[in-house]
1. Any chance you could give the angle, 0 to 90 degrees and rounded to 10, that helix 316-325 forms with the longest Cα principal axis of the chain?
2. May I ask you to list the residues of the stretch 218-250 whose amide nitrogen lies under 15 Å from a point 7 Å from Cα along the Cα→beta-carbon direction of Asp324?
3. How far, in degrees from 0 to 90, does helix 438-447 lean away from the longest principal axis of the Cα atoms of the chain, to the nearest 10?
4. When the Karplus curve 6.51 cos²θ - 1.76 cosθ + 1.60 is applied with θ = phi - 60°, which whole-Hz ³J(HN,Hα) does each residue of the stretch 286-297 get, with x for Gly and Pro?
5. Once you have a ≥ b ≥ c as the square roots of the Cα gyration tensor eigenvalues for the stretch 116-237, tell me rounded if a/c is under 1.5, and otherwise prolate or oblate according to whether a/b is larger than b/c.
6. Return the FRET efficiency for the residue pair Arg248, Gln464: r is the Cβ-Cβ distance, R0 is 60 Å, and the value is rounded to the nearest 0.05.
7. Can you tell me what share of the DSSP beta bridges in the chain is antiparallel? A percent to the nearest 5 is fine.
8. Using a cut-off of 17 Å between alpha-carbon atoms, which aspartates and glutamates can reach Lys295, once sequence neighbours fewer than 8 places away in the same chain are excluded?
Amino acid sequence: MKRMDFCQGWTYRIWGVPGDTPVTLPHDYSQELPRTPDSKSGSAGGWFQGANIIYDKEIQVTEAMLSQRVMLEFEGVMPGAEVYLDDTLIVRQPYGYVSFLADLTPYLRKGTQKIRVNVHGDALPNSRWYAGTGICRPVHLLQGPKACILPWGLSAKPGWEPEAGWVFQAETTLSPEAAQRELTLRLQLRGPDGALLWQTEEPACAERMQVLGGAAGIRPWTPEAPILYCLSAELLNAGEMLDRAETRFGFRCVQLDQEKGLLLNGEPIKLRGGCVHHDHGLLGAASLRDAEYRKARILKDFGYNAVRCAHNPPAPAFLDACDDLGLLVMDEFTDIWNIGKNPYDYHLFFRDHWKRDLESMIQRDRNHPSVILWSIGNEIPERDGSGDGYALCGEMCRFVREMDDTRLIAAALNNIGKRRLDMLAANVQTDDPDSLDYFGILSEKYLAPLDVAGYNYLSRRYEQDLAAYPARFICGTESVAKEALECWRKTREHPRIIGDFAWAAIDYLGEAGIGHVWYKPEDGEGFFEKWPWRQANCADIDLNGHINPAGYYRQAVWGTLEKPYIAVQHPGHFHEDGDVSYWAWPERFPVWEFPGYEGKPVQVDVYSAEKAVTLYLNGKAVATKPCRDCIASFDLRYEPGELEADDGKGRVRLCTPGPAAALRWTAEKSGELVYVTAQITDEEGSPCFFDTRFISFSAENCALLSAGSADPASQEDFRQGGARAWRGAVSAAVRLNGKDARVLAAAPGLPPAEIIL
């Protein structure tokens, strides 16, 4: 079927409020609402609000369309949708992260008809993080003959045979009208350069057609060489093409080996991974294709070779980017089954919808070579057997394998406490509850159907569980920066530990302040931070895509840090890290700028994978210290000037800046989307890290989509055109329109600065 963009020409309105507002999709209405301390989403949702909104769009139905199949493909509507054509309900999709189809065919009539999409975004909280509100991902119009290849109906299953080499099984799902011998199905395989490598023609004799194919000279898909091939299917009637579909895929295979661990194309590999949520910081939950590619590129450039999509299926464009760039993916289904974590989350619909939704996820994503793991859930309460969790896990695993047996199946588990003491007492012969291994006993049956046991924050159990369960393979599906060295050491040493995923790779909206640092008891309390915090603040990379100190430390742990990194503790907290939450990293600054603290003691940490580091202050050697756990730590007296660190591999320096004098631009282009950052500097270009003056943006010949800092506690709206500087900088997202664009930044007391894009 022909697939056309269907994102233009929409309007939206608030349920029960007159007036329509034009909008181009994707659209996150929560970003248009003010954050308030009484928002029903609370700190978990970043204090963002939602609303019950209705999207409308007219469709002109021609005479020709009445004899065709016409469908809409929604990539995702948060937190769920009801789709109507005029007043007829076409489909109800309660899970917002899953793509779904709305078949308009039986309800079409010639003339103008209205599509209506209802979104119940005021039912909060609906997630444990920021979810967004609205048609947050693109929409497509699918149009073709009644005799057609159904959407998501073409797949290529690669495999390796010792005698034949790389082969693939092509599967094509046809509409009932197409399954007739009078029609012909032509399949073609083309290489990365477009050259025809293989072709076959078969009578279209069944709704599900399977054909085995292969070609000489096939090159496998790997993270280092992500080579993609194209499979096309054409439905022919006496040589005339009725319908066509195509899909990209890669030749790769995934296996587990007791001695070698995870094998990709027969070669051992460790997953150096990071977890990401679905949002895009300044853009909220709106899924622009270029933003999805940017996110994947940031991860790849950082040094990750794998990403876990937590805790839901990602946007298709993100998987496209992972295919292109060579990022391995854990594609995760959901954070919840039948036992709820929030009043309005997916547990309300899971029992009746999980098969349909899981099927949609696998059908949509099965051709992506980047996807090597399906995860059926994260920290599911039923992991301890409650709610018939053992049986449900087995049923879901069987369901996945029936659809796709080329990938591994995982689920992520956190610890299991004593809340099921009564059940344990009935099944375990002991009178001492403190001696019971709750996690080991309760999770064994849950983990049995899986290929890989995902451990969240359970690295302390690695050795004992590898010994207790000789067939078990483990993946660290969530770990914190403070435990990065130990987690990675164990991952490298044990073949049956296949990888480690950082929580988190990129900072995200919601779960506000789980990565907090408190210096006084009155600064905060509890799991989350209080208003006005809006984001987690627990990632290797900040909300605007810049690496945090914890990220540089992780690179040192991996051995990929190209030069040492200087991380300075503020002299006002000398040797006092304060209350550092489990997900946080001790507060450190990549600066040598502490006016008023001259002569005061200061701690300087240098992150490095080398054996020792020498520190210099104003040209004089302070000391040479060994790197312990990838950190060399120095105590000295603060003195403005130049601080340098040399680990024998590289040399870096920090300079005390002079008075703020200018705004310096950096620009990062991703397709039509450009992220620009205005940094406050002195006359020499040294960053003024602690300068917090307001930076505003204006734009010509382009669209200024949003602007903001990475400050986790900022109260400023991303759509107000500027923000108070944090770390001396503010970023903006700009969409080009084919013309030379001009962006202007202004800050009080500084000359304005412009950049031409």
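1. 70
2. Residues 226-229, 248-249 fall inside that zone.
3. 30
4. Ordered by residue, 3J(HN,Hα) equals 5, 9, 7, 4, 5, 5, 5, 5, 4, 4, 5, 5 Hz.
5. oblate
6. Computed FRET efficiency for Arg248 and Gln464 comes out at 0.90.
7. For the chain, the DSSP antiparallel bridge percentage is about 85.
8. Asp279, Asp320, Asp323, Asp324, Asp331, Asp507, Asp540, Asp542, Glu668, Glu672
The values are calculated or read from the model by the stated rules, or taken from the named source; none is laboratory data. Because the structure is predicted, anything quoted here is derived from the model rather than measured. In this analysis, Cβ positions are derived from the backbone assuming ideal geometry, glycine residues included, and neighbour counts consider all displayed protein chains. When the accessible area is computed, the model is the full protein with side chains, heavy atoms only, and any ligands, DNA or RNA have been set aside. Shrake-Rupley method; radii C 1.70, N 1.55, O 1.52, S 1.80 Å.
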